[in-house]
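Notes follow once the structure below has been shown.
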Amino acid sequence: MIIQEYRIDTFTQGAFTGNPAAVCVLDDMIPEADYQNIARENNYPETAFIVFIEQGIYQLRWFTLKGESELCGHSTLAAAHVVFRYLDPSLDHIVFSTKSGEIIVRRTGDLIEIELLAESPKRIPVTPEMEAAFGAKPSDAWLGRDLLCVFDSESAVRALKPRTEALAGLPGLLQHASAPGDRADCATRTFAPKIGVPEDPVSGSGQCLLAPYWSERLGKDTVTTVLAGPRKGRVNCRLHEDKAGRKLVSVAGAVSLFSIDRVYVNI
C-alpha cells in the first residue's frame, strides 16, 4: 500500500520552526495497529490521518508516539492545509469528523483557523511539586484538561529548565508555562511528557485553556501567543460564542510545507 504523506511545520511561516506534523492521506481505513506503527516510524510529535468522506468532510485521527490523541490542534492545522492546498483547493472551509466531535476549519487570508471549544480553567494552589518540576516557582496555577502555571515574565519562562519526570507527575494532560509577552499578549512553553513529547513546540489544543485565561486577564477577545521555547512560533486566538451560546476559541496560524513523501507500507 502506498500512502501520500506531507510533513508540515505549523504556526510558522518558515521551515525548521513552529510545530512539525506529518499528515497521511488514506484511501480507506487501515489496520488499527498500523496507525501507531506509522506514527512511531515518523517520530514526530503527532501524525494525522485523513480519509475522504464527501466533499468538504474528512475523517481525522491523531497519533503521538505513545497512542491516539483525543484532540491535536497543530496537526489539525496541518491536515487542513493538505486539503486546502493539494486535495481540494476550491474549498474555503472543512469539517473534520473526529473522536472529539466535528471540528470546523476555515481559510482566513494567509492563515488557517480552527474552531475549538473553550475551557473555563479553575484556579488551584501553587505547590512545591510545581516549583520542583519547572525549576522555578509559578505565581499562579490553573487547571482544566491541562495545567497552566503562570510566571511573571517572558524571560522567566524562557529560562526554565524543567525536569521531565517531575512534570509527568503534575496534574493535567499537558503542562503549560506562560507569562506576559514582550512582543505579544503572552509567551508560552508547553510540556507533554505524558504523551511522549518532552516539550511540545507550539500547542494548538492548549489554547482552549490558555486563550480564555489570558482573555480574561487582559480584558480582550483576541489573544496572540508566541513560543518561548527553542523553536519560533505564533498563534492568534479569538474568543467568541456560537448560536447555542457555547464559548469557542478560534485558533489561527500559518503553515510551511517541509516535504511530500510516498510511504510504502506492507499491509
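Laboratory data are not the source of any read-out in this text; all were calculated from the coordinates shown. Since we're looking at a predicted model, the values are computed, not measured. All Cβ positions, even for glycine, are placed from backbone atoms using ideal geometry, and neighbour counts span all protein chains on display.
Summary of computed values
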item	result
Between segment 105-151 and segment 21-79, the alpha-carbon center distance in angstrom	24
Equivalent-ellipsoid semi-axes of segment 122-240, from the Cα gyration tensor, Å, largest first	20, 15, 14
In degrees, nearest ten, helix 32-42 long axis to first principal axis of the chain (Cα)	70
Cross-link pairs beyond the 25 Å C-alpha cut-off, checked among K66/K122; K220/K243; K99/K161; K99/K137	K66/K122; K99/K161; K99/K137
Stretchable slack from K66 to E216, in nm (0.36 nm times residue separation minus alpha-carbon distance)	50.6 nm
Residues E241 and A168, FRET efficiency given R0 of 25 Å [Cβ-Cβ distance, rounded to 0.05]	0.10
Percent RCO, i.e. relative contact order, over the chain, from Cα pairs under 8 Å lying at least 6 residues apart	23
Debye, to nearest 20: dipole size of segment 122-240, +1 on Lys, Arg Cβ, -1 on Asp, Glu Cβ	220
Estimated vicinal HN-Hα couplings, Hz - segment 189-202 in sequence order (Karplus 6.51, -1.76, 1.60; Gly, Pro = x)	10, 10, 10, 9, x, 5, 10, x, 10, x, 9, 7, x, 8
Residue-count net charge about P180 - beta-carbon cut-off 10 Å; Lys, Arg +1, Asp, Glu -1	-3
Options C208, G135, S75, ranked by Cα towards positive dipole end of the chain, top entry (Cβ charges)	G135
Antiparallel bridge percentage (DSSP; both residues within segment 122-240; nearest 5)	75
Antiparallel DSSP beta bridges within the chain, as percent of all bridges there, nearest 5	80
From the C-alpha gyration tensor of the chain, square roots of 5λ in Å	30, 21, 16
Which of V251, V150, V263 has the fewest Cβ neighbours within 10 Å, and the rest in rising order	V263, V150, V251
Rounded to the nearest 20 debye, dipole of the chain from Cβ charges on Lys, Arg, Asp, Glu	660
